[in-house]
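The structure appears below as structure tokens.
Bear in mind that the values in this text are calculations on the coordinates, not laboratory data. Since we're looking at a predicted model, the values are computed, not measured. Glycine also receives a Cβ, built like all others from the backbone with ideal geometry; neighbour counts cover every protein chain displayed.
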Amino acid sequence: MRRSIFLLLTALLVGMLGAACAVPMDDGEAMACTDALGCVEVAADEPVTIASMNVLSGPVSFLGLDQTGAIEIAIDDFGDLLGHEIALVSEDSQCSAEGGQSAAQKVAANSSVVGALGTACSSAGTAALPIIHEAGLSMISASNTSPTLTEPDPEKGGVWQPGYYRTAHNDLFQGRLAGEFAYNQLGARTAATIHDGSPYADSLQQVMADVFTELGGRITYQGAVNVGDTEMLPILTEIATDPPDILFYPIFQPEVNFVTDQIQGVAGLEDTILMSADAAFSSDIMANTGESILGLYLTSPLVQGEAYDELLAKWEAKFGGLPPSAFHAHSYDATMMLLQAIASVAQDDGAGNLLIGKQAIRDALSAIEGFSGITGTLVCGETGDCATGEALAVYQINDMEAWPPELVDLE
């Protein structure tokens, strides 16, 4: 496959990750691992193996399919790595703490894995992180957005440990966007929020509520549903005792579908504006909800430009149609970051055998500055936040047949 100009430019950034190429040894010379976390050995006839820990089953499997497809495209575009094929091992993190733990344990037990991509959901990422950290590996998530994952202070709810990176935005950005949009552009002065107990939804609704309050708004209600709930009238009736101008509920399908549908018949909430977020940003949300979805606002990533158009064309050629969710470009960038980091630190004995240091990969990722990704310019901070809030927008569903939804003018 012919590489695009974009890929040629990003390849040049390998030099920013460390050495510009693998460290060569004299032909046949034995290599010694001096890496503080150990090394992965790759024989001349073996592939370089990376892992994906994305959600592949259940009601939000579209998140994992969206990201895994982009990983495969990035591997195609990257080609071989120092003469080795790239092998992808996929483990299902299920968008849950239990799934994240299981996927991470399988990845950590696989001695051929050099680095990991994922998880899709912050709940899975929270459970996977300590296992990946302890194994000395690195993980790059394309859609973990909970602020806690890159917060180092446990007293602030932080769970960060070395080895964690993400190309997704931090929900400190998305929550601010939601709060400012509700107050400044929709004119809302009262708001209620619903979460599902997950690190993602709880953190995001709290940031939105804090920003909304800072601007002068009043929060009338904050509460939670359980994953798996189908009857939403009790919580909606409680919210209706002090009807808000806007309801912000950044939860996943199918719970978001039930809230959106059932609120239509609740007295007092007829004029309440509805807004959700990127967890609900899926091409099947209209079919799964019905016409009650019309008018719903969504905060979610926005990626544009020539490089993104090329990615969509490659998706169409490889899989057909459009990606099913919002984080495929972030997943592509994460894959390229990982592969370039591996290529930059690998030792080559001259006979095709590689020795890849685990701490060296972390050091290379942490040193990323000015990475020209599809999602924007990435700079990895001390705790693994590599993205800014530049690739975020507000959408509104106004057409049952149109995907993606209509962009809202934020000017």
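Taking the helices alone, the chain has a mean residue ellipticity at 222 nm of -10500 deg cm²/dmol, built from -39,500 (n - 2.57) per DSSP H run of at least 4 residues and averaged over all its residues. Using the Cα coordinates of the range 173-295, the gyration tensor eigenvalues translate into equivalent-ellipsoid semi-axes of 20, 16, 14 Å, sorted from longest to shortest. Taking every DSSP bridge with both residues inside the chain, close to 35 percent are antiparallel. Equivalent-ellipsoid semi-axes for the range 45-164 (Cα gyration tensor, √(5λ), whole Å, largest first): 24, 16, 12. Straight-line cross-link partners of LYS358 among the lysines, defined as a Cα under 30 Å from its Cα and at least 8 positions apart when in the same chain: LYS106, LYS156.
Under 5 Å between amide hydrogens, built in the peptide plane, is the criterion, and for GLY381 it picks out CYS386 among residues at least 5 positions away or on other chains. When the Gaussian network model of the chain links Cα atoms closer than 10 Å, the mean-square fluctuations of MET286, MET139, MET53 top out at MET286. What the phi angles of the range 87-94 give under the Karplus curve with 6.51, -1.76 and 1.60, with θ = phi - 60°, is a coupling list of 9, 10, 9, 10, 10, 7, 8, 6 Hz, glycine and proline written as x.
For the range 173-295, the share of DSSP beta bridges that are antiparallel, to the nearest 5, is 0%. Plainly put, the chain has a radius of gyration that is 1.00 times its Kirkwood radius, both from alpha-carbon atoms, as the Rg/Rh ratio. For the range 334-411 and the range 180-205, write down the distance between their C-alpha centroids in whole Å. Distance between centres, Cα-based: 27 Å. Look at where the Cα atoms of the range 214-255 and of the range 124-166 average out, and the two centres are 28 Å apart.
Across ALA326, ALA267, ALA135, mean-square fluctuation computed from a Gaussian network of the chain (C-alpha pairs under 10 Å connected) peaks at ALA267.
Compute a Gaussian network model of the chain, connecting alpha carbons closer than 10 Å, and tell me which residue from LEU88, LEU215, LEU269 fluctuates the most. Of LEU88, LEU215, LEU269, the Gaussian network model singles out LEU215 as fluctuating most.
Here the calculated FRET efficiency for ASP261 and GLN304, from their Cβ-Cβ distance with R0 = 35 Å, stands at 0.65, rounded to the nearest 0.05.
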